[in-house]
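The values are calculated or read from the model by the stated rules, or taken from the named source; none is laboratory data. All figures in this text were calculated on a predicted structure; none of them were measured in a lab. Glycine gets a Cβ as well: all are built from the backbone with ideal geometry, and neighbour counts include every protein chain shown.
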Amino acid sequence: MIDLILSTPLGYIVYFAYRLTNGYGPAIIIFAITVRILILFPVSVLAHKNSIRLLKLQPEMNRIKRRFAGSKEQINEEQYDLFKRERYNPFLGLVPLFVQLILIIGIMRVILDPMRHLYGINAADVDFMFFSLDLLKIPSFTDFSLELLMPLFAVSSALGFCLVQNAVSPGALGQSKGVNNGMTIFTIALSLYLSLVLPVAVGLYWTVSNLAGIGAVLLLNVLYDPKKLAPEALAYIKLNRKTVDELREERFYNKTLLVREKTDTARFRAAKKHLVFYALTGGQYKYYKNLIEYILENSALQIHYLTNDPNDAVFLRTDPGLIPYYAGQRKTISLMLKMDADILVTTVPDLQTHHMKRSIIRDDIEYIYVFHAPVSSMMQYKESAFDHFDTVFCIGPYHVSELRRREELASIGRRNLVKTGYGLYDELSDNYAGQLAREAASGADDRLPSILIAPSWQKSNILETHIDEILDKLLGRGYKLTVRPHPQFVRLFPEHMDKLQRQYVEFISAGELVFELDFSGNDSIFSSDIVITDWSGIAYEFTYCTSKPCIFINTPQKVMNPNYRDYDLEPMEITIRNKVGISIDPEDINEKLGTTVELLLAGEVIKGDDIRELFDEYVFYPGRSAEAGGKYILSKLENI
């Protein structure tokens, strides 16, 4: 079968080339060039075009990786959808290599048994010498001869081919230097191996094939120039490619971090722990803050705080009862599996279904989930996100209803659903009351009406999709506009923020527009008259504290649980959305946004008293969240 498919057709090429040149060496050269032109070049054209398509997708792929960092499943799903939408085949780029490797099998059969394919020619009449090289001889270090030059030629041609390909090929331009170097090493090693263990004729073929490949790469670059077909992608890659110094600094930082992680995890394992808080990022401390402070003030407990963020602000705190530890997510897996504590509190969902597993050495640990946003548990999280928690601290009645309904649908045991409210609301309310007092003491307020634009960072948020329409509609109308992006969006997509600030520099200079990139305070939230958002939880924080209305742009909603309609309950975000503000479809921004802002500023459409009554209904224990949660934890630990 191999002879029929590979050896025989390739043998005919060698035969006709030999008849044309009457020399075996020239026949191998013609054979190598013919294979490169007739077989490999058409495949290379497809792979080259496919690589340019991938090059164009690099910026979007990087955005996906940054947006869903830590979730390989989500990244793979998003990239699959992107590839399908843009008709990119990730395997097409490997086809030339696979074809080349398959051809080697046929080539070896032809060259190792040349007379079988030189039909009707007498072996005595064939000259297997080529420039004093015996083409049938296998190079050997025990027999120093000119044939040992062939591995050198093969390796040199492979290196030249790789250097040219890495310099101009769209596939190589879109990859890191590490990947390109790896492919270079593989190609050179393969060339060296084949030219050392097989007859010189194979090394000659490989050398000529590599040299012809250089010409093919350069020709493809002329026919389909990636610099002309994907200039924006190349500029993006060049801008974001790390320098040698940056890579060296990153390696040093990672080594330092490993030492720190080793020390902290050893301390964590050795510590006698009753109460552990676990945070995925540094920003999660604010959701624990009131609860932790209540426990420290009302007990002698030591709180062990495990975080995956080495720059978590918790390391700057000096509370003697709060002990922080750093561990990366990979190390956290083993720490969780061998967790020895009485209670673990976290804002990280998906216990037992993601990297965070229940302890295998203690089955009596109480796992408590704390919500980090006042959103629906049945729509904004995966369906099984809370199934393996023992206790859930619920912000409002909607959480209780949704979680009890989940227990019915999934036939799982009843969990402890503790009514706690939302600690961040309480802190923001106190801060807002203080700001109002300061403003009252300072005298009259003659400021311009203030509008806060505060998007989420989910896919299709208004900062990525509709910010130009919103700003163009409101700028120059006597408002002060503040754009406060989500911190994650700024961290992941700084280039987008730079572009926007350059685009609107005239309005920024005039003081009409502010891009707020310092998230340490909440003054912009408290001092605004209206918030414009998509599905961000900041809308509810704003309207809860200030009793002022919001404008919601109806971008596509993030739905993590496609089965949420089976619950026969309306998600809180949808129920409350049009009671604290007005919703506008994206296609109606130009027509409706301006008049909607005017209506809400007039205060006639949505009343502050109505907003206050609404939140009294939707949030447990306003102002007492820390007490509710803290008392529950202390009561569980008092007999331990």
Across the stretch 423-453, what is the number of residues that are assigned to a loop (DSSP other than H, G, I, E, B) and in contact with an Asp or Glu (Cβ under 9 Å, 6 or more places away or on another chain)? 3
Restricting to the stretch 534-558, count the residues that are within 29 Å of the chain's Cα centre (by Cα), of a type in the set (A, V, I, L, M) and in a strand (DSSP E or B). 1
Residue set Tyr398, Tyr432; condition closer than 30 Å to Lys548 by Cα, touching a helix residue (DSSP H, G or I) at 6+ places or on another chain (Cβ under 9 Å), hydroxyl-bearing (Ser, Thr, Tyr) and crowded, with 22+ Cβ neighbours inside 10 Å; output residue Tyr398
Hits in the stretch 204-250 (condition: within 20 Å of Arg66 (Cα to Cα), without any contact (Cβ under 8 Å) to a residue 60 or more places away in the chain and assigned to a helix (DSSP H, G or I)): Ala235, Lys238, Glu246, Leu247, Glu250
Going by the structure shown, is Lys242 surrounded by 11 or more Cβ atoms within 10 Å (Cβ to Cβ), farther than 19 Å from Pro320 by Cα, modelled with pLDDT under 90 and of a type outside the set (Val, Ile, Thr)? yes
Looking only at the stretch 139-173, and only at residues there that are surrounded by 17 or more Cβ atoms within 10 Å (Cβ to Cβ) and part of a loop (DSSP other than H, G, I, E, B), the one that is modelled with the lowest pLDDT: Ser169
What do you reckon, is Ser450 in contact (Cβ under 8 Å) with a residue 40 or more places away in the chain, within 19 Å of Ile538 (Cα to Cα) and more than 32 Å from the chain's Cα centre (by Cα)? yes
Subset of the stretch 1-43 [of a type in the set (Ser, Thr, Tyr), modelled with pLDDT of 75 or more and within 47 Å of the chain's Cα centre (by Cα)]: Thr34
Tally, over the stretch 568-593, of residues that are part of a helix (DSSP H, G or I), buried (at least 18 other Cβ atoms within 10 Å of the Cβ) and touching a helix residue (DSSP H, G or I) at 6+ places or on another chain (Cβ under 8 Å): 4
Flag if Leu192 is modelled with pLDDT of 90 or more, more than 32 Å from the chain's Cα centre (by Cα) and among the aliphatic types (A, V, I, L, M): no
Give me the pairs: first residue in the stretch 605-631 and part of a loop (DSSP other than H, G, I, E, B), second residue of a type in the set (S, T, N, Q), beta-carbon distance under 8 Å, and six or more apart or on different chains, which are they? Phe620/Thr420; Tyr621/Thr420; Pro622/Ser429; Gly623/Ser429
Enumeration of residues in the stretch 547-564 that are over 22 Å from Met379 (Cα atoms) and buried (at least 23 other Cβ atoms within 10 Å of the Cβ): Pro549
Filtering the stretch 593-604 for residues that are touching a residue at least 24 places away in the same chain (Cβ under 8 Å) and among the small types (Gly, Ala, Ser) leaves a count of 1
Output the residues belonging to the stretch 502-526 that are assigned to a helix (DSSP H, G or I), at pLDDT below 85 and surrounded by fewer than 22 Cβ atoms within 10 Å (Cβ to Cβ). Asp523, Ser524, Phe526
Looking at the stretch 471-494 only, could you name the residues that are surrounded by 14 or more Cβ atoms within 10 Å (Cβ to Cβ) and assigned to a helix (DSSP H, G or I)? Leu471, Lys473, Leu474, Pro487, Gln488, Phe489, Val490, Arg491, Leu492
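Let's see how each residue does on (1) out of contact with any His (no Cβ under 8 Å at 6 or more places or on another chain); (2) assigned by TED's automatic domain parsing to the domain that holds Gln503:
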{"position": "Glu439", "(1), (2)": "yes, no"}
{"position": "Ser442", "(1), (2)": "yes, no"}
{"position": "Ile453", "(1), (2)": "yes, yes"}
{"position": "Ser456", "(1), (2)": "no, yes"}
{"position": "Asn461", "(1), (2)": "no, yes"}
{"position": "His466", "(1), (2)": "yes, yes"}
{"position": "Ile470", "(1), (2)": "yes, yes"}
{"position": "Gly476", "(1), (2)": "yes, yes"}
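Conditions (1) touching a strand residue (DSSP E or B) at 6+ places or on another chain (Cβ under 9 Å); (2) over 27 Å from Lys382 (Cα atoms); (3) among the hydroxyl-bearing types (Ser, Thr, Tyr), marked per residue:
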| residue | (1), (2), (3) |
| --- | --- |
| Ile295 | yes, yes, no |
| Asn298 | no, yes, no |
| Val345 | yes, no, no |
| His354 | no, no, no |
For the stretch 271-282, check the following and say yes or no: at least one residue is in a helix (DSSP H, G or I), surrounded by 15 or more Cβ atoms within 10 Å (Cβ to Cβ) and touching an Asp or Glu at 6+ places or on another chain (Cβ under 8 Å). yes
Any idea which residue in the stretch 58-87 is surrounded by the fewest Cβ atoms within 10 Å (Cβ to Cβ), counting only those that are modelled with pLDDT of 80 or more and of a type in the set (Phe, Trp, Tyr)? Tyr80
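Per-residue answers, yes or no, for (1) in a helix (DSSP H, G or I); (2) closer than 18 Å to Leu634 by Cα:
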| position | (1), (2) |
| --- | --- |
| Thr263 | yes, no |
| Leu296 | yes, yes |
| Leu306 | no, no |
| Pro310 | no, no |
